[in-house]
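Below: one structure, written as structure tokens.
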Amino acid sequence: MMMKNCMDIDECERNPLLCRGGDCVNTEGSFQCVCPEGHEISNRLECVGKFTTNLFLTFCLKCIRQIFNSCNLDKCTIENGGCESFCTNSEGSYECSCNSGYALMPDLRSCTDIDECEESPEICDGGQCTNTPGTYQCLCFDGFMASEDMKSCIDVNECELNPNICLSGNCENTKGSFICHCEMGYSVRKGSTGCTDVNECEIGAHNCDRHATCTNTAGSFKCQCAPGWVGNGLKCSDLDECSNGTHMCNNNADCINTMGSYRCACKEGFSGDGFFCSDSDECAENSNLCENGHCLNMPGGFRCECDMGFIPTEDGKACEGKELKDKCSLFIRKERKERGREGEREPLMRGRSVKVKNWRINVV
């Protein structure tokens, strides 16, 4: 609250017509008339003589007053009747008044400023009141505007002033401000004046599958399954690239499905990363292959061409001679038994041929 200092007004100095016929003595907050001997103060604050003993003089004084009143002298014409502002003459008297914003002092002649801000604290509702001589002004807060006479604050309707102030929302005017009621997917951010898009992906307010990508859109969001997954984005399941043929594995590689992806592994006899596979030359890499024979490289493997007296194993990857020896012995024993001539081997074998598995052996 604003504190004010009060100072005494010297009524004698301000109005020389006070205590006419005597002396005006200023006192704190007032004044006093000191009249000469034989005089007294009248109701008009003037010193007048005492005529109590002389009946003739008393009678004459009454006559003079009657004549004075009958003339209706305008007292305001003489130094404005001692009034500081306005003097209004009346029959047999006069009256002082003040300008608007001022009040008449107890001496009924002087005027003092009225502090409207102190008398009516709410006079500038929506603003700050500043007292000035004879009047006041309102300094309005944000959301209010001053009236033409600067004596009141009027609410500003921001919704009418700017229909698009809320952007994606509805505007509601309030006293000194406004409220934005935002549409779904929008909100009022601190420091902004309207509705702005809510990034659901950024704040985690989406319901996309954990194997999906969230993309923010104006007022909403969309979900899309990541590569290797299929679905509507809200629910994603693994895509089996190996089964549907969308993999990129080499023809000489095996496709192995994994969750959300797949991997490629070159088949036996090939080397590479699965996407590119090249034949492995096992014969060059391992000189010990096909013992008792010759190693021949083939796409994805090798085979053995066996020396005389040896035959390849079932998988063709080695040479063996024991089976051939056993077959020959069995054949010879069989022939001898049929002929009943044990010990004569050569005549039985000469000119004959023996077939063992895929080999044909001629005996000469």
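The values are calculated or read from the model by the stated rules, or taken from the named source; none is laboratory data. Nothing here was measured: the structure is a model prediction, and the numbers come from that model. As a convention, Cβ positions derive from the backbone with ideal geometry for all residues, glycine included, and neighbour counts pool all protein chains shown. Accessible surface areas use protein heavy atoms only, side chains included; no ligands, DNA or RNA. Shrake-Rupley method; radii C 1.70, N 1.55, O 1.52, S 1.80 Å.
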Segment 135-232: relative contact order from alpha carbon pairs under 8 Å, six or more residues apart, as a whole percent, is 15 percent
So the carbon and sulfur contribution to the accessible area of segment 158-197, 1.4 Å probe, in percent, is 51 percent
Summarise the accessible area of segment 228-299 (1.4 Å probe, protein heavy atoms) by the percent that is carbon and sulfur. 49 percent
Taking the alpha-carbon set of segment 139-210, what are its Rg and Dmax in Å? 17.1, 65
Divide the volume of the convex hull of the Cα atoms of segment 214-287 by its number of residues and quote the answer in cubic angstrom per residue. 92 Å³
Given contacts defined as C-alpha pairs under 8 Å and at least six residues apart, what's the relative contact order of segment 282-321, whole-number percent? 35 percent
How far, in nm, would the chain grow between Asn288 and Ser30 when pulled straight, counting 0.36 nm per residue and subtracting the alpha carbon separation? 79.1 nm
Please compute one quarter of the surface area of the Cα convex hull for segment 158-197 and express it in square nanometres. 2.6 nm²
Sequence-distant aspartates and glutamates (8 or more away, or on other chains) whose Cα lies within less than 19 Å of Lys222: Glu183, Asp197, Glu200, Glu202, Asp209
Please identify the GluC sites (Glu not before Pro) of segment 109-193 that satisfy two criteria: DSSP loop assignment and at most 12 other Cβ atoms within 10 Å. Which are they? Glu122, Glu148
Go from 0 up to the bin containing the longest alpha carbon distance in segment 282-321, width 10 Å each, and give me the % of pairs per bin. 38, 53, 8
Solvent exposure of segment 282-321 as accessible area per residue, Å², 1.4 Å probe: 63 Å²
